[in-house]
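Undergrad: Next up is a structure, given as structure tokens.
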Amino acid sequence: MRDIHTSAIVDAVKKLCMDANLDLEPDMLRAFDRALATERSPAGRQVLQTLKQNAEMARTQRIPYCQDTGFVVCFVELGQDAHVTGGALDAAINEGVRQGYTEGYLRASIVRSPFDRVNTGDNTPAVIHVDVVPGATLKLMLMAKGGGCENRSKYRMLTPAEGTSGVKEWILECVRTAGPDACPPLILGVGVGGTFEKAALLSKKALFRELGSPNPDPVVDALETELLDRANRLGIGPQGYGGDTTAFGIHILTYPCHITSLPVAVTIECHAHRHKEVTL
Amino acid sequence: MSVTTAADGIKEVAPPLSDADVESLKAGDRVRITGVLYTARDAAHGRLLPLIEKGAPLPIDVRGQIIYYTGPSPARPGSIVGSIGPTTASRMDTYVPALLGLGLKGTIGKGYRGQAVKDALRQHKGVYFGAIGGAGAVLSQFVKKLSIVAYEDLGTEAIRRLEVEAFPAIVVNDCHGGDLYQDGMKAYAREDT
Ligand code: SF4
């Protein structure tokens, strides 16, 4: 057993929250450059240039990349030989969020109840998913998830008869309906298979793969490549002003499913793709 | 005239706007806005609506004005505002016809508007501008002054009065039925999708 004190978790989460919102990951910065090399639309190019400048300003002047500093979604991979000491894991994560958002001048965007809608004032709580894995480390994968794009996420239960082509059409339909509402260029996290909730979880987790990296499954990789190409032929473009860059990436995770089912969940993510991870 | 065309082809917009000003703006026009903008989003609109329905006075005089759909992030000490980009406009669609009826001329946001809004833009001479969603850091530099004018308890959702200088935006829906999203998509869509 290896002890991991909650104070280390609080500090790590606090730092991840601030870094995520101020310092876009290099995979995103590379995506802007790749898109600028191919984008034909002048309005689209202008948007991409502005977003690059925005990332630079966020990093150097410590102004959040987007004013919606997101709902913290935290995937935890907890080694089964690690022992969290000093308190509860979820309380530590939420304390990290509280400190990160208040001390980092990040926006409080969470209401305590979907009905009375009173803001909690410190962006807590986070959405936390814990997986127990082999090993003695604790990995925190944190995303500051924007609301505008999340609101365009969708789920559909297809029939096995609809098959791969049905899945493709549904994913492209999600791109069309998200359109300018979700701040394109988009990134799609897609979960195919499992059950209702499993597909949704996979769709979130899929977003953590490095943008531009191949899917380890060659069949799924070919599917991603085809879908990305087709999404970028829709013409929606950066911010929906028309252009060739509607999506930066489509990441798919799959899971076995029941003989009756073909569940597909699509998490829509925007260009403010703020993700960070650390292993304790 | 509160809308003029600068040497670089970009339209300079200075509220308050008249019907004629709004009529001169076409979908796809790039604009720079200088003057006052009011911020309001979901919660503030939720409080304005019952006042409008009762015919009670609003905390801001909307005649000729532009509402910016945004909830800024907190300002660091010594700065005017934090990050301040647009939020999704369609969530405010239900409030638009009534506000345009009171003389509001423009809104700034991102994303599709419903048919009822497009119809109301024609009927009341209004315009919907797009600002770059997610470019909140860049957009913050065009805000020169900020004060809270109503609903301070709503935090980021309070109504703020901004003084902006050369705030960049683009006309998405004009009062003639023009729609940048439709035109842009048509121009760049490629076969067999
Ligand atoms: S969709 Fe993303 S970029 Fe757009 S406002 Fe929301 S968080 Fe920001």
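The values are calculated or read from the model by the stated rules, or taken from the named source; none is laboratory data. Since the model is a prediction, treat every value here as computed from it, not as a measurement. Every residue, glycine as well, gets a Cβ built from its backbone with ideal geometry; the counts of neighbours run over all protein chains shown. Heads up: the accessible areas ignore ligands, DNA and RNA and are worked out on the full protein's heavy atoms, side chains in. Shrake-Rupley method; radii C 1.70, N 1.55, O 1.52, S 1.80 Å.
Undergrad: Can you name the condition, by its number, that residue B:40 falls short on among (1) of a type in the set (A, V, I, L, M); (2) surrounded by 21 or more Cβ atoms within 10 Å (Cβ to Cβ); (3) at pLDDT below 95?
TA: Unmet condition: (3).
Undergrad: Out of the residues in the range A:147-176 meeting the condition of being closer than 12 Å to residue A:266 by Cα and of a type in the set (Ser, Thr, Tyr), tell me which one is nearest to the ligand (Cβ to nearest atom).
TA: A:153
Undergrad: Out of all the residues in the range A:22-58, which are facing chain B (nearest Cβ under 9 Å) and of a type in the set (Gly, Ala, Ser)?
TA: Answer for the range A:22-58, where residues must be facing chain B (nearest Cβ under 9 Å) and of a type in the set (Gly, Ala, Ser): A:41, A:43, A:44, A:55, A:58.
Undergrad: So residue B:52 ticks every box in (1) crowded, with 18+ Cβ neighbours inside 10 Å; (2) part of a helix (DSSP H, G or I) but one. Which box is left unticked?
TA: It fails just one condition, (1).
Undergrad: Among the residues of the range B:146-170, which ones are farther than 16 Å from residue B:85 by Cα and not in a helix (DSSP H, G or I)?
TA: B:147, B:148, B:149, B:150, B:151
Undergrad: Consider the range A:170-208. How many of its residues are among the basic types (Lys, Arg), within 13 Å of the chain's Cα centre (by Cα) and under 19 Å from residue A:246 (Cα atoms)?
TA: So the count comes out to 0.
Undergrad: May I pose another question? Are there helices (runs of 4 or more DSSP H) fully within the range A:1-111 with at least 1 residues that are aromatic (Phe, Trp, Tyr)? List them.
TA: A:26-38, A:89-103
Undergrad: With assigned by TED's automatic domain parsing to the domain that holds residue A:141, closer than 18 Å to residue A:142 by Cα and more than 15 Å from the ligand (Cβ to nearest atom) as the only criterion, which of A:72, A:76 stands out? Explain how you work it out, then say what you get.
TA: Working: A:72 fails: more than 15 Å from the ligand (Cβ to nearest atom).
Of the residues listed, the single one that is assigned by TED's automatic domain parsing to the domain that holds residue A:141, closer than 18 Å to residue A:142 by Cα and more than 15 Å from the ligand (Cβ to nearest atom) is A:76.
Undergrad: Might you let me know whether the range B:127-138 holds any residue that is open to solvent by 10 Å² or more (accessible area, probe 1.4 Å) and either away from the ligand (no atom under 16 Å from the Cβ) or not in a loop (DSSP other than H, G, I, E, B) (or both)? Walk me through how you get there before you give the answer.
TA: First, the residues of the range B:127-138 that are open to solvent by 10 Å² or more (accessible area, probe 1.4 Å): B:132.
Still in the list and also either away from the ligand (no atom under 16 Å from the Cβ) or not in a loop (DSSP other than H, G, I, E, B) (or both): none.
For the range B:127-138, residues open to solvent by 10 Å² or more (accessible area, probe 1.4 Å) and either away from the ligand (no atom under 16 Å from the Cβ) or not in a loop (DSSP other than H, G, I, E, B) (or both): absent.
Undergrad: Being over 22 Å from residue B:143 (Cβ atoms), charged (D, E, K, R) and in contact (Cβ under 8 Å) with a residue 24 or more places away in the chain is the requirement here; does residue A:19 meet it? Don't jump to the end; show me each part of the working.
TA: Values: over 22 Å from residue B:143 (Cβ atoms): yes; charged (D, E, K, R): yes; in contact (Cβ under 8 Å) with a residue 24 or more places away in the chain: yes.
Considered against the rule, which asks whether it is over 22 Å from residue B:143 (Cβ atoms), charged (D, E, K, R) and in contact (Cβ under 8 Å) with a residue 24 or more places away in the chain, residue A:19 comes out as yes.
Undergrad: Looking at A:204, A:198, which one is within 16 Å of the ligand (Cβ to nearest atom) and in a helix (DSSP H, G or I)?
TA: A:204
The rows are residues; the columns are (1) over 30 Å from residue B:28 (Cβ atoms); (2) more than 13 Å from chain B (Cβ to nearest Cβ); (3) within 16 Å of the ligand (Cβ to nearest atom).
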residue: A:228; (1), (2), (3): no, no, no
residue: A:231; (1), (2), (3): no, no, no
residue: A:236; (1), (2), (3): no, no, yes
residue: A:243; (1), (2), (3): no, no, no
residue: A:249; (1), (2), (3): no, yes, yes
residue: A:274; (1), (2), (3): yes, no, yes
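Undergrad: If you don't mind, another one. Scan the range A:97-121 and report the pairs whose first residue is more than 11 Å from residue A:17 (Cβ to Cβ) and whose second residue is part of a helix (DSSP H, G or I), with Cβ atoms within less than 6 Å and a gap of 6+ or a chain change.
TA: A:107/B:156; A:119/B:155
Undergrad: When residue B:78 is evaluated against the numbered criteria (1) within 17 Å of residue B:161 (Cβ to Cβ); (2) of a type in the set (Gly, Ala, Ser); (3) open to solvent by 30 Å² or more (accessible area, probe 1.4 Å), which criterion, by number, is the only one it fails?
TA: If we test residue B:78 against (1) within 17 Å of residue B:161 (Cβ to Cβ); (2) of a type in the set (Gly, Ala, Ser); (3) open to solvent by 30 Å² or more (accessible area, probe 1.4 Å), just (1) comes out false.
Undergrad: Moving on. What is the number of the single condition among (1) more than 16 Å from the ligand (Cβ to nearest atom); (2) crowded, with 24+ Cβ neighbours inside 10 Å; (3) in the same structural domain as residue A:80 (by TED's automatic domain parsing) that residue A:129 does not meet?
TA: Of (1) more than 16 Å from the ligand (Cβ to nearest atom); (2) crowded, with 24+ Cβ neighbours inside 10 Å; (3) in the same structural domain as residue A:80 (by TED's automatic domain parsing), only one is false for residue A:129: (2).
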